[in-house]
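The block underneath contains the structure these notes are about, expressed in structure tokens.
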Amino acid sequence: MAGAEVGDDVLGDDPTVQRLEATIAERLGLEAALFVPSGTMANLLAIAVSTRRGDEVLLHIDAHPFQHEAGGAGMFAGVQLHPLGHGGPFLDPTEVLSAVRPPNDHYAPATLLCVEDTVNKGGGAVYPLDRLRDLHRAAHGAGLATHLDGARLFHAVVASATPADVRVRGFDSVATCFSKGLGAPVGSALVSDRERIALARRYRKALGGGMRQSGVLAAAALYALDPHGDRLAEDHARARALGDGLATMGFDVEPVATNMVYVGVDDGPAWQQALSEHGVACFAHGPRRLRLVVHLDVDDAGIRRAIEAFGRIG
Ligand SMILES: *Cc1c(COP(=O)(O)O)cnc(C)c1O
């Protein structure tokens, strides 16, 4: 980061940002990319460039733009979100198609489907490849554009042993985070065709997301994108070890697919508080559900300490 060659990305001439955008676009097999401050902005731009104000966006009820993006899709893109999938982590193409209503003055026209992979609130589950394909085919057949929220795309890539460009093939845009599991301090990308990215660049500027000498941040993102051996696979193995350890102690552990462990408890917020007093940071994702995430700052000793903390509290 300290040695990054920088320019002014608001003028489009920061060489490190350019290199990051070209790298992630190539990795995903798409034409162009835009470096943005957050995954939230990447999703908002994706929605804004594939819809018109007053349109409807179909997505899972647990999807990030519906649950955790402060209402930005309505606030800034002027769309209505239509949540689907009240059972299970994955969207169902039949449910998507039945949610697309015929053209009629009474309805907001559905023009975009958003799919999230891995599924954060779905236990970090990885979409089966054929389900992704069935979803974008169904959506495109009904005249909708498609966006993949791949905040944790590279976890899905590692867990499924399928290259990123294969997993995202067929989607019109992809958001992916260099932060979180990949370990960069800041940054995400929106990846798509040249036309959508050109429009997204203007919207990013309007939202205050143009960042001048952002090559400093892009350098960290480029470093995070390097595979670093089996880093993510190690996280997944540690998450499984944590899940297995807690299950052995009698805790109600959901299947562990990637780097997340969801545990059923009697009182989520009370457990979050008690664990934090034992030096274990996690989130209560609901009144009776805890989410523990394994990442590059969690080693084997940390997993053991977390299991011990559960033992002491429980
Ligand atoms: C974290 C997350 C985002 C948004 O990322 P931020 O950088 O925190 O804004 C988007 N989608 C999913 C599924 C996420 O988990």
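Results, tabulated for the structure shown:
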read-out: Positions within segment 136-185 being over 25 Å from Asp299 (Cβ atoms), away from the ligand (no atom under 15 Å from the Cβ) and outside any helix (DSSP H, G or I), in sequence order; value: Ala142, Gly143, Leu144, Ala145, Thr146, Thr162, Pro163, Arg169, Gly170, Asp172
read-out: All positions within segment 25-43 that are within 12 Å of the ligand (Cβ to nearest atom) and in a loop (DSSP other than H, G, I, E, B); value: Pro37, Ser38
read-out: Residue tally, condition over 14 Å from the mean Cα position of the chain (by Cα) and aliphatic (A, V, I, L, M), over segment 172-185; value: 1
read-out: Filter result (part of a loop (DSSP other than H, G, I, E, B) and surrounded by 24 or more Cβ atoms within 10 Å (Cβ to Cβ)) within segment 186-198; value: Gly187
read-out: Wholly enclosed helices (runs of 4 or more DSSP H) of segment 199-314 bearing at least 2 residues farther than 22 Å from Gly181 by Cα; value: 231-248, 268-277, 300-313
read-out: Count of segment 271-289 residues which are among the polar types (S, T, N, Q) and surrounded by fewer than 13 Cβ atoms within 10 Å (Cβ to Cβ); value: 2
read-out: Lone qualifier among His64, His86, His60 - being farther than 30 Å from Asp226 by Cα and in contact with an Asp or Glu (Cβ under 8 Å, 6 or more places away or on another chain); value: His60
read-out: Qualifying positions in segment 49-76 - buried (at least 20 other Cβ atoms within 10 Å of the Cβ), more than 14 Å from the chain's Cα centre (by Cα) and within 15 Å of the ligand (Cβ to nearest atom); value: Val57, Ala73
read-out: Residues of segment 86-103 classified as among the acidic types (Asp, Glu) and crowded, with 17+ Cβ neighbours inside 10 Å, total; value: 1
read-out: Residue within segment 259-271 that is at pLDDT 95 or above, under 17 Å from Gly311 (Cβ atoms) and polar (S, T, N, Q) present; value: no
read-out: Single condition Thr111 does not satisfy, out of (1) assigned to a helix (DSSP H, G or I); (2) away from the ligand (no atom under 16 Å from the Cβ); (3) closer than 21 Å to Glu195 by Cα; value: (1)
read-out: Flag for Ala46 being part of a strand (DSSP E or B) and crowded, with 19+ Cβ neighbours inside 10 Å; value: no
read-out: Per-region count, segment 79-108, residues farther than 15 Å from Asn43 by Cβ, assigned to a loop (DSSP other than H, G, I, E, B) and either within 16 Å of the ligand (Cβ to nearest atom) or free of Cβ contacts under 8 Å to residues at least 40 places away in the same chain (or both); value: 14
read-out: Single residue of Leu296, Leu242 found to be of a type in the set (A, V, I, L, M) and buried (at least 17 other Cβ atoms within 10 Å of the Cβ); value: Leu242
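The values are calculated or read from the model by the stated rules, or taken from the named source; none is laboratory data. Here the structure is a predicted model, which means the values were calculated and not measured. Note that each Cβ is placed from the backbone with ideal geometry, even for glycine, and that neighbours are counted across all protein chains shown.
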